[in-house]
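The values are calculated or read from the model by the stated rules, or taken from the named source; none is laboratory data. None of these values were measured; they are calculated from a predicted model. All Cβ positions, even for glycine, are placed from backbone atoms using ideal geometry, and neighbour counts span all protein chains on display. These area figures cover heavy atoms from the full protein model, side chains too; ligands, DNA and RNA do not enter into them. Shrake-Rupley method; radii C 1.70, N 1.55, O 1.52, S 1.80 Å.
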Amino acid sequence: GKDITSKSTDNIVASGICLIPEGHVIFSSMTVFENLQLGAYHNSYDFDKNLEKVFAYFPILQERSSQIAGTLSGGEQQMLSIGRGLMSNPKLIMVDEPSLGLAPKIVADIFEILSELNEEGYTILLAEQNAKKALECAHRGYVLETGRFILQGTSRELMNNQKARRVYLGGSV
């Protein structure tokens, strides 16, 4: 209920909002650990606790903490992007196209982790073209077409909606 459009990015992050951008954006010339440190810029007092949580979700990041982030695979970079966001201890996580360009196994892992984060109490706003995958882990869904809402409802309602099934879910779920 608060207007944040005129707030600076650092104030938005400090208020508990983080963005996991499309395309697993990381600081490629820095190490995995340095990327995670940057994520904790506004929340350094919980650094150890949040780092432990990130490493529990993504053990590969702990194994590769001293590796240059740009040398990680695409899936590992996406994990690092999510991990960096978690380091800020957000209340709201906005995730843009987490499946973009990733192998199906990695996509399944990413969506499983997003579901677990939601179960832990994080609010997640997900923008995703893979409608079926998004609805499998969402509580509610909104279908946009040329910038306008054309369908909305619970994930179950949308998965059972004939138009949604035909146009966005490939005819069957």
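Conditions: (1) under 17 Å from residue 114 (Cβ atoms); (2) open to solvent by 50 Å² or more (accessible area, probe 1.4 Å); (3) in a helix (DSSP H, G or I). Residue 45 meets all but one. Number of the miss?
Condition not satisfied by residue 45: (1).
Here are 157, 119: which of them is closer than 19 Å to residue 108 by Cβ and out of contact with any Cys (no Cβ under 8 Å at 6 or more places or on another chain)?
119
Would you say residue 136 is within 9 Å of the chain's Cα centre (by Cα) and more than 19 Å from residue 54 (Cα to Cα)?
no
Any idea which residue in the stretch 144-173 is nearest to residue 129 (Cα to Cα), counting only those that are assigned to a helix (DSSP H, G or I) and in contact with a helix residue (DSSP H, G or I) (Cβ under 6 Å, 6 or more places away or on another chain)?
Step by step, filter the stretch 144-173, then rank; the result is 164.
Residues of the stretch 25-42 being farther than 18 Å from residue 92 by Cα and assigned to a loop (DSSP other than H, G, I, E, B), which ones?
25, 26, 27, 28, 29, 30
Determine if the stretch 95-117 includes at least one residue that is under 12 Å from the mean Cα position of the chain (by Cα) and polar (S, T, N, Q).
Yes, because at least one residue in the stretch 95-117 is under 12 Å from the mean Cα position of the chain (by Cα) and polar (S, T, N, Q).
Being open to solvent by 30 Å² or more (accessible area, probe 1.4 Å), free of Cβ contacts under 8 Å to residues at least 12 places away in the same chain and not in a strand (DSSP E or B) narrows it down to one residue among 3, 10; which is it?
Among 3, 10, only 3 is open to solvent by 30 Å² or more (accessible area, probe 1.4 Å), free of Cβ contacts under 8 Å to residues at least 12 places away in the same chain and not in a strand (DSSP E or B).
Considering only the stretch 146-159, I want to know if a residue exists there that is touching a residue at least 24 places away in the same chain (Cβ under 8 Å), under 30 Å from residue 63 (Cβ atoms) and surrounded by 14 or more Cβ atoms within 10 Å (Cβ to Cβ).
Scanning the stretch 146-159, I find no residue that is touching a residue at least 24 places away in the same chain (Cβ under 8 Å), under 30 Å from residue 63 (Cβ atoms) and surrounded by 14 or more Cβ atoms within 10 Å (Cβ to Cβ), so the answer is no.
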